[in-house]
Amino acid sequence: MTDDTRKQASETAPGPDATPEATPAPYAASLAAAGPMPSAPPRSQWFDVWRQFTHHKGAMLGGIVFILMVLTVFVGPLFWTVDPTFIDIRARNSQAITSCILTFSQMFSCFADPSSVGIKASWAHPLGADQLGRDTLARMMAGGQTSLSVGIAAMVLSLILGSLFGVLAGYFRKLDGPLMRMTDLFLALPLLPLLLVMVLLFREPLSAAFGPETGIFILIVVAIGITSWMPAARIVRGDVLALKEREFVLAARSIGTTNTKMISRHILPNVISPIMVSATLGIANAIITESALSFLGLGFPPDFPTWGRLLFDSIDYMQQNPERVILPGVAISLTVLSVNYLGDGLRDALDPRLRGR
Amino acid sequence: MRTKSLLLGAAAAFAMAPAAMAERGADGHVNVIYWQAPSILNPYLSGGTKDIESSSVVIEPLGRYDQDGNLVPYLATEIPTLENGGVSEDLTSITWKLKEGLLWSDGTPVTSKDVVFTAEYCMHPEGGCAQLAKFNNVASVEAIDDLTVKVTFENAQPNPYGPFMGGQSPILQAAQFADCLGAAAPQCTEANFGPIGTGPFKVDEFRPNDVISLSANPNYRDPAKPAFATMTFKGGGDAAAAGRAVLETGEFDYAWNLQLAPEVIAEMESAGKGKTVVGFGTLVERIEMNLTNPSSDLPPETRATVAEPHPILTDFKVRKALSMAIDRELLTELGYGQAGRATCNLVPSPEMYASETNTECLTQDIEGAKALLDEAGWTVGSGGIREKDGMKLSLLFQTSTNAVRQDFQALIKQWWGEIGVETELRNVSGSVFFGGDPGSPDTFQKFYADVEMYANNFDGTDPQSYLSMYKCGNEPKPSSQWQGENINRFCNEEYDALLKELAQTGELEKRGELAKKLNDIITKETMTIVPLVDRGRVSAHSNTLGGVVLNTWDSELWNVADWYRIK
Amino acid sequence: MLTYTIRRLVLAVPTLLFISVVIFLLLQLAPGDPMAQVPLTVPPEVKQKMREALGLGDSIYVQFWKWLVQFFWVEPQVLIDNIFGTHFADGKLRVLSWQTRSPVMDIVVQRLPQTLWVVGMSYVVGVLIALPIGIYSAYRQYSVFDQLGTFISMVGFSVPTFFTGVLLIVVFSVGLGWFPSIYDTTLQVNDWASFKLQIRQMVLPVFVLALYNAAQISRFMRASMLDNLNQDYVRTARAKGLGERVVVLVHVLRNSLIPVVTVIALGVPQVFGGAIITEQVFKVNGLGQLLITAIEANDLPMVQTLTFIFAVLIVLFNLVADVLYGILDPRIRYD
């Protein structure tokens, strides 16, 4: 609380006596935040953040969608117990039951018995089945478990690395050179050979230590994480370089704020928005990279569905069974969109100038 | 002048009316797409199929195989045989005669010196020639006169058609490649990218891994051919894109090797712009059983070597049961459609070498497989997985990354699950799997898995060297840097004895019998190799492209001189 | 700033040398073999001989030294020869690709036009679309325009190009027949008709890539603008009576550009690296396709050279970004 008010004080140097009538929307918002101190008893900073967050419509919608997705893929298989790898050869290339809607007049008889109107679909496979007759609904749920876990874990790892290196390089002049040259190195390394080498060196030791599935999970998350942190690091560093020279930082330094405090209280909250954008882009990137890995044979075993893989495998069937590409495509997009709105909400909530709007 | 050429043109068109093509270059332009882009036009420096096929429109061998695997003369007047005296009685030499009046595309005459030079070029010890195996056992190649070449072998060769036969060993122009022998070979970029040839087309521009622009060879031996004046040979993309460009958008006239699911091809074909052609050769998709123990607990010196027999797969009954559980007809239908035939043979053709009695495996027999495993002492334990002496019947099944192979893996895993075998699947990127890097654990030679699946075939029509791969001692092992062709580490005295006999037999009928016996030993009698599908080749051509005859025994573009535009 | 730039340029030399060593070791360590694409019908002894002919028998040090000499000594000579018609490099061994047995640099030069046409153009288009969208969405945060922009850019980024590319081909090439599905790299643009052809074949790949690039850049632009729109200097500027246009497009924009400059600078080397998937989908056969085929064929000299050129560009453009920071915000000091 105190740091924030101090920061506001230092930033609102010209004083709030500018004419409020002439101010456009964003200005009015910050003015409201900078207004008189609330007379109510002091609350914790995080309570304010949370309250602001819950009042953000986009964030709430994003959060609900995200939780729904997580629930569907993790709890759904308890209700829809079809094995995602089970091959029901007679159902191969079944269409989703929703394709009945396109039969218009015969829609109801179609929903009752799709084969009566010549559509290959059945309630046994409500979202259809792939070229071998594996159930799409079960595969989407199983794939979501992997894709969401890998996507989020890899994104978090890459953000932690990126923000850490970015803040350190931007804030401490001595570290700037070495850290940024290391970033250059990582940016320059060819991705595919690097991944091949990682798999070659670490697959067997990790499988031995954590079991095959967890081992591969760790390997994939680490592989994606350490090959995707560099843009975030460069962006964060650029912002920190500029922030560090701003008045409120100088003011904070002049009253003897330690480096740790300075970074956690003043620098980090002010670079949260590029980090949030990196997070949203990172999750999409991780889900797609994972599918590229399994395509190269570096990821999960081939019968292990993931959203990226489902999408890739269905490209050839785009014309016959459009829902096979639409489903994983929509799932990935929804995840990214919901994370994006969560990020927007978090960013707004962490911005003291917007709080209370 | 104009009237005269018009008249001539009309006269020519009239005279040639029944034939579709009138004169060289009359049909304009043809577009060909190969989704693997050619890297070089000298097949001696790259063994890649894409390079052999693309160069085959420019440079030609003395003879080729036709669509049925028969030998047909190209630059030679006829195919030398025992009957016509071209092959010596003791099978140690073969004499080729060149056609008279042959010209290179630059107008100089083709002589026997060019043929001798080609052999010298490939057999140079420092050249790293990719087709050296074609010149195996060649003692000398000499020019008898300007048009006669005699190849002498070190010992009797029942099949003397290695050198200068088929797309792999075309004739190079001595004048062009004179300074490119041995270590200098890679520096002759200009020659490697634009060889002067005798084929129907000559290279105008070659962009490696991208596109070749070709035009009709003015000195081609048949003055009426080729019907097309120019050709674009585009490379790159994937099989689906190539198929789409021919079958759906009609941008291209010919697409090579459409490895796509049958229903995808059918959907594309329904657009009505082109059709597919199918041909069968010797390519067989198979499962190979590892007879040695690939366990990671073993030290690297003995892991997957003959010192450590496989704890499960050395039992014939287990191998047999695994084979019985597979429904090959269904695999073929799902994976290859019209471009596949279920097979139990390692050598599916030519007819005289294919074992026709080996058909037992074509019917799936889950119950029989279960009974066989019971008999072998594997009893059903927890979770439906069979066990014996505390060991689970659990296998690691690897293959290269490829949509059809991953589908096969999933299906086979399910069938093996039904008979109580647990299967772990792994796919490996093709460039690692088929590369022989001894440092990688994932190559097919190293075989750090229990079973693996891939396809293999043989060049030409004679299976002797193919069957010799499974000779005892030819297995990949640490001492040979994991190079070797006996992938299963198979060792069988009877088999080796028959191989020796085959190498000394010249009589075709007897060779056929021996080859069938060898094929049966390695497949149905020991189930070391479990063949699944005899894979054909599917290519596509547009409705307006005529004269296409798909050939799987040689380059697909073997008769490109006869292609014409249907009007 | 000048001393800083010079110091960084000098420092770039050892950095790049170190990067080249790391790349080389990485490629050596990676599993793979240049014989992977040679059919199985070629026996192992022959493959062994082919490997020796490629120089694979040499020790790692010798191989690396050879590459260093060829790349830093022979190739510049070839360049001089080409410009001035001299003969310094005659008879000297250049960096040769293992796949094509021809000089790597010649192929790179051959590939540049299509990569610049397609990937470069899409980057320019992407940036030009992204900046106004980012600025306007931030200025009217949570407006319909902003929501729509967010939706399109997020979908554009999260749906991979291997899907959008094929989708566009199916719709516009197969269905409507408006654009070709295969890029013709031999097309010479020398008149209006060929220019129109060139535009037609560029439309689809440029659209796919521009969507992807614009999505990314517009998000950073928007976020950064939002951070700055509420700053006090904006209020001060408005209080001084500056026009809204000047406030937003001069003051706020300039201060918001730092992360955007970073992202754009990070993307420029990638233009030269090509767009691997999009080039594959549309058969553009530029540098991205060159790199991926070289990796698949384990053509180490080609991969090494391409990656190194890529590394030079990365170091260079990150330096450019650092210099631009100083110009955009004079308070940033490096010395």
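Brief remarks follow.
- If you go through segment B:132-167 and keep only what is in contact with a helix residue (DSSP H, G or I) (Cβ under 6 Å, 6 or more places away or on another chain), under 24 Å from residue B:40 (Cα atoms) and not in a helix (DSSP H, G or I), you end up with B:162, B:163, B:167.
- Of the helices (runs of 4 or more DSSP H) lying entirely inside segment B:288-379, those containing at least 2 residues that are of a type in the set (D, E, K, R) and more than 33 Å from the chain's Cα centre (by Cα) are B:366-375.
- Every residue from segment B:480-508 that is among the hydrophobic types (A, V, I, L, M, F, W, C) and in a helix (DSSP H, G or I): B:497, B:498, B:499, B:502, B:503, B:508
- Residues that are of a type in the set (Gly, Ala, Ser) and more than 14 Å from chain B (Cβ to nearest Cβ), drawn from segment A:139-148: A:143, A:144, A:147
- Criterion applied to B:118, B:81, B:111 was being polar (S, T, N, Q) and surrounded by fewer than 16 Cβ atoms within 10 Å (Cβ to Cβ), and the one residue passing it is B:81.
- Residue match in segment C:48-70 (condition: facing another protein chain (nearest Cβ under 7 Å) and of a type in the set (Lys, Arg)): yes
- Hey, residue C:170 within 11 Å of chain A (Cβ to nearest Cβ), of a type in the set (A, V, I, L, M, F, W, C) and more than 25 Å from the chain's Cα centre (by Cα) or not: yes
- Entirely in segment A:99-211, the helices (runs of 4 or more DSSP H) that have 2 or more residues that are crowded, with 22+ Cβ neighbours inside 10 Å: A:136-171, A:173-188, A:191-210
- Of all residues making up segment B:432-458, the number that are surrounded by fewer than 24 Cβ atoms within 10 Å (Cβ to Cβ), in a loop (DSSP other than H, G, I, E, B), in contact (Cβ under 8 Å) with a residue 24 or more places away in the chain and at the interface with chain C (Cβ under 7 Å from one of its Cβ atoms): 3
- Residue match in segment A:292-314 (condition: in contact with a Phe, Trp or Tyr (Cβ under 6 Å, 6 or more places away or on another chain) and among the basic types (Lys, Arg)): no
- Residue within segment B:460-482 that is surrounded by 20 or more Cβ atoms within 10 Å (Cβ to Cβ), of a type in the set (Val, Ile, Thr), touching a strand residue (DSSP E or B) at 6+ places or on another chain (Cβ under 6 Å) and touching a residue at least 12 places away in the same chain (Cβ under 8 Å) present: no
- Screening segment A:234-285 for residues that are at the interface with chain C (Cβ under 10 Å from one of its Cβ atoms), small (Gly, Ala, Ser) and surrounded by 23 or more Cβ atoms within 10 Å (Cβ to Cβ) and picking the one that is farthest from residue A:155 (Cα to Cα) gives A:238.
- Elements of type helices (runs of 4 or more DSSP H) in segment B:173-247, at least 1 residues being under 24 Å from the mean Cα position of the chain (by Cα): B:189-193, B:239-243
- Of the residues making up segment C:202-227, just one is over 28 Å from residue C:146 (Cβ atoms) and surrounded by fewer than 24 Cβ atoms within 10 Å (Cβ to Cβ), namely C:202.
- Any hit, segment B:379-398, residues being within 10 Å of another protein chain (Cβ to nearest Cβ) and surrounded by 20 or more Cβ atoms within 10 Å (Cβ to Cβ): yes
- Of the residues making up segment A:286-299, at least one is more than 10 Å from every other protein chain (Cβ to nearest Cβ) and among the charged types (D, E, K, R).
- Of all the listed residues (B:454, B:448), the sole one being within 22 Å of the chain's Cα centre (by Cα), modelled with pLDDT of 85 or more and of a type in the set (Ser, Thr, Tyr) is B:454.
- Residue in segment A:182-204 that is within 30 Å of residue B:440 (Cβ to Cβ), more than 28 Å from the chain's Cα centre (by Cα) and more than 10 Å from chain C (Cβ to nearest Cβ) present: yes
- Applying a threshold of 8 Å to beta carbon distances and a minimum spacing of six or more residues, or different chains, the list of pairs starting in segment B:91-108 at a residue that is farther than 26 Å from residue B:157 by Cβ and ending at one that is in a strand (DSSP E or B) and basic (Lys, Arg) reads B:105/B:202.
- The lone exception for residue C:185 - which of (1) in a helix (DSSP H, G or I); (2) farther than 30 Å from residue C:244 by Cβ; (3) under 23 Å from the mean Cα position of the chain (by Cα) it fails: (1)
- With respect to (1) free of Cβ contacts under 8 Å to residues at least 60 places away in the same chain; (2) of a type outside the set (D, E, K, R); (3) closer than 30 Å to residue B:460 by Cβ, the lone exception for residue B:240 is condition (3).
- When residues of segment C:53-77 are limited to those that are within 30 Å of residue B:136 (Cα to Cα) and surrounded by 14 or more Cβ atoms within 10 Å (Cβ to Cβ), the one farthest from the chain's Cα centre (by Cα): C:53
- Test: residue in segment A:67-87 that is over 32 Å from the mean Cα position of the chain (by Cα) and in contact (Cβ under 8 Å) with a residue 24 or more places away in the chain: yes
- Condition met for residue C:214 (in a helix (DSSP H, G or I), under 17 Å from residue C:321 (Cβ atoms), touching a residue at least 24 places away in the same chain (Cβ under 8 Å) and of a type in the set (A, V, I, L, M, F, W, C)): no
- Among the candidates C:212, C:233, residue that is modelled with pLDDT under 85, out of contact with any strand residue (DSSP E or B) (no Cβ under 6 Å at 6 or more places or on another chain) and of a type in the set (Phe, Trp, Tyr): C:233
- Leading residue by the ranking (nearest to residue B:458 (Cα to Cα)) among those in segment B:245-287 that are among the acidic types (Asp, Glu), surrounded by fewer than 24 Cβ atoms within 10 Å (Cβ to Cβ) and more than 12 Å from chain C (Cβ to nearest Cβ): B:263
- Test result for residue B:213, within 14 Å of chain C (Cβ to nearest Cβ), in contact with an Asp or Glu (Cβ under 6 Å, 6 or more places away or on another chain) and touching a residue at least 12 places away in the same chain (Cβ under 8 Å): yes
The values are calculated or read from the model by the stated rules, or taken from the named source; none is laboratory data. Source: prediction; values computed, not measured. Here Cβ is always computed from backbone atoms with ideal geometry, including for glycine, and neighbour counts include all displayed protein chains.
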